[in-house]
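J.: Input: one structure, supplied below.
Nothing in this text is a laboratory measurement; each read-out follows from the coordinates by a stated rule. Since the model is a prediction, treat every value here as computed from it, not as a measurement. Note: ideal-geometry Cβ built from the backbone for every residue, glycine included; neighbour counts use all protein chains shown.
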């Protein structure tokens, strides 16, 4: 018998009927199903037990946050994730909830392709402790713990000091996360096929601090400098956190193991970008000329 795991979010009650319909349809199509609800938050450096080896696919009913939590169940495996959006933007989700039955039927027919996404790996060197390792599908965020002041950070790329500044924080994002927190603080959108990480300061107290894009194989080193006015708070994907005293050092690189997303629709990332963000592709200039760019 084929095996699937269904992951739901905290607000399961309003969507109980949708969850039940998905589980029933999977069973009708020959799957044994395990339902996982409300995955707890883990401390930084803690690894969650992954899904059983015989799992064919993990189906996520929720938004992007639920998909990020489900990623903890498949990290390091070859099990793909399929997102069915019950949230708001649902940038990582493939289908909306009204398309759930079609999605399940296509999964049962193995009518999907795999999209591999870059993962960032993080090593945190905290004074007086052994190094701790973690990872992120979207982003690693170091922010000030004291909301009334700033942190002083120093950034080096491949062991070469590049910049230092006072700021509210700094984000290191994957291409997948470039449309999330990094985007909201002024970072560029990076297409998922690009092998890169982006570094984006949060409200930096400097005139010429701009996002940096580093290539595959580069090591990003971020130090919480000794004269920092605040300690730091480190978060991976908004889920796994650790407090950072001054003199803490982070090393962030691209993982050799990508995360696998099941891709059902024929829409490209560009089409998804236009649709999800409702980009104004038909502006007044195009309309005035009787032309324009048309997204389908």
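J.: So how many Å³ per residue does the convex hull of the Cα atoms of the range 45-116 work out to?
T.: Values: hull volume 6.8 nm³, N = 72.
Cα-based convex hull of the range 45-116, divided per residue, equals 94 Å³.
J.: Moving on. R0 = 25 Å: FRET efficiency of residue 216 with residue 113, Cβ-based, nearest 0.05?
T.: The formula returns an efficiency of 0.65 here.
J.: Given q = 0.08, 0.13 Å⁻¹, what are the Debye log10 I(q)/I(0) values for the chain, with equal point scatterers placed on the Cα positions and solvent ignored?
T.: Ignoring solvent entirely, the Cα scatterers give -0.39, -0.94.
J.: In what sequence, highest mean first, do 92-98, 135-141, 270-276 appear when ranked by Cβ atoms within 10 angstrom?
T.: Values: 92-98: 19.6, 135-141: 25.9, 270-276: 14.7.
Ranking the peptides 92-98, 135-141, 270-276 by packing returns 135-141, 92-98, 270-276.
J.: For residue 149 and residue 241, compute 0.36 nm times the residue count separating them, minus their Cα-Cα distance, and round to one decimal in nm. Mind showing how you got there, number by number?
T.: Working: separation 92, 0.36 × 92 = 33.12 nm, distance 2.02 nm.
This chain segment gains 31.1 nm when fully extended.
J.: State, to one decimal in nm², a quarter of the convex hull surface area for the C-alpha atoms of the range 120-254, i.e. the direction-averaged projected area. Show your work: numbers first, answer last.
T.: Values: hull surface 29.5 nm².
With the hull built on Cα positions only, its mean projection is 7.4 nm².
J.: Counting only helical runs of four or more DSSP H residues, what would the 222 nm mean residue ellipticity of the chain come to if each run contributes -39,500 (n - 2.57) and the total is spread over all its residues?
T.: Numbers: 6 runs with 50 residues, N = 296.
Only helices count here, giving -4500 deg cm²/dmol.
J.: Quick one: angle between helix 64-74 and the longest Cα principal axis of the chain, in degrees between 0 and 90, rounded to 10, please.
T.: With rounding to tens, the tilt is 90 degrees.
J.: Roughly speaking, what is the stretch gain from residue 158 to residue 229, that is 0.36 nm per residue apart minus the C-alpha to C-alpha distance, in nm to one decimal? Walk me through the numbers before you get to the answer.
T.: Details: separation 71, 0.36 × 71 = 25.56 nm, distance 2.66 nm.
Computed gain between residue 158 and residue 229 is 22.9 nm.
J.: Roughly what % of DSSP beta bridges within the chain run antiparallel, to the nearest 5?
T.: On the way: 56 of 78 bridges.
Percent antiparallel among DSSP bridges in the chain is about 70.
J.: Still on this structure, please answer the following. Just subtract the alpha-carbon distance of residue 35 and residue 121 from 0.36 nm times their residue separation and send over the number in nm, one decimal.
T.: Details: separation 86, 0.36 × 86 = 30.96 nm, distance 2.82 nm.
That pair, residue 35 and residue 121, stretches by 28.1 nm at full extension.
J.: I'd like the FRET efficiency for residue 206 and residue 263, computed as 1/(1 + (r/R0)^6) with the beta carbon distance as r and R0 of 35 Å, rounded to 0.05. If you can, show how the numbers build up before the last one.
T.: Working: r = 40 Å, r/R0 = 1.14.
With R0 = 35 Å, the Cβ-Cβ based efficiency is 0.30.
J.: Quick check on packing: order 154-162, 235-243 by the mean number of other C-beta atoms within 10 Å, highest mean leading.
T.: Answer by packing, highest mean first, reads 235-243, 154-162.
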